[in-house]
Amino acid sequence: MDTETRQITVAVHAPDPITTAGLASQLGTQQGIDIRDWEQRAETDVLVFAAEWLTPEIVLWLRRLASEDGKPVVLVVSQISEAELVPAIECRVVAVLPRSATTGERLAHAVRAAASGGGVLPPSLLGELLKHVERLQREVLDPMGVNTAGLTTREIDVLRLMADGKDTVEIAGELCYSERSVKHIIQGITGRLKLKNRPHAVAYAVRAGVI
């Protein structure tokens, strides 16, 4: 059942009760959206949070919220900069809506996107985020020989051959490595990225778009 037809549970919170009630009312009129009390947030699919801007205190609160509940967050905010966007994303914020342009339909669209594993960003913020990623790759990761997925070229070569169904001996022969080196590379990938096994490592690389 997709997110257009199933019921999506949402908890809403804002610094003041009037904003909280207003957002809950906007969402409550949308089909397939079920509003829950904030105290029930652990049982919901998506969290909606509103603020004028992201203060260090709010970022800290969002970070704690992410560690406790791990729910995707839709952020309704009056203003946000690139410098504030990156830490927000680290706090499980997957959608950002300008407060002045937020309607029930736009809010519901963002909630459905968040519930399905997607996200929503204004074009200006998306452009800034892409510039940040490009700068991170160029200035930090490239000198280390690592890409944004946290994998080196050598690790990607091994994962690509694993995805082709080759075993350790075959990978070692094709890359002119020792079997011990191949095992060490695989152990490094799974250990560093907290992956359970070889299939999990291959799945991670596929999702990251590197193989």
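Full extension of the chain between residue 105 and residue 31 gives 25.7 nm of extra length, using 0.36 nm per residue less the Cα-Cα distance. According to the square roots a ≥ b ≥ c of the eigenvalues of the Cα gyration tensor, what is the shape class of region 1-111, taking rounded for a/c under 1.5, prolate for a/b larger than b/c otherwise, and oblate for the remainder? It comes out prolate by the Cα gyration axes. Length available on full extension from residue 179 to residue 78: 0.36 nm per residue minus the Cα-Cα distance, which gives 30.8 nm. In this simple spin-label model, placing a label point 7 Å from the Cα along the Cα-to-Cβ direction at both residue 187 and residue 169 gives a separation of 2.1 nm. Round to the nearest 0.05 the FRET efficiency obtained for residue 154 and residue 53 when R0 = 35 Å and r is the Cβ-Cβ distance. E(calc), rounded to 0.05, equals 0.20. First check a/c for region 145-208, with a ≥ b ≥ c the square roots of the eigenvalues of its C-alpha gyration tensor; if it is under 1.5, answer rounded, and if not, answer prolate when a/b is larger than b/c or oblate otherwise. Prolate.
Can you tell me the FRET efficiency between residue 63 and residue 43 if r is taken as the Cβ-Cβ distance and R0 is 22 Å, rounded to the nearest 0.05? That pair, residue 63 with residue 43, gives E of 0.55. Were the residues from residue 203 through residue 21 laid out at 0.36 nm apart, the gain over their Cα-Cα distance would be 61.3 nm.
The numbers here are math on the coordinates, done by the rules we state, and not lab data. From a predicted model like this one, the values you see are computed outputs, not experimental measurements. Positions of Cβ are backbone-derived with ideal geometry, glycine not excepted, and every protein chain shown enters the neighbour counts.
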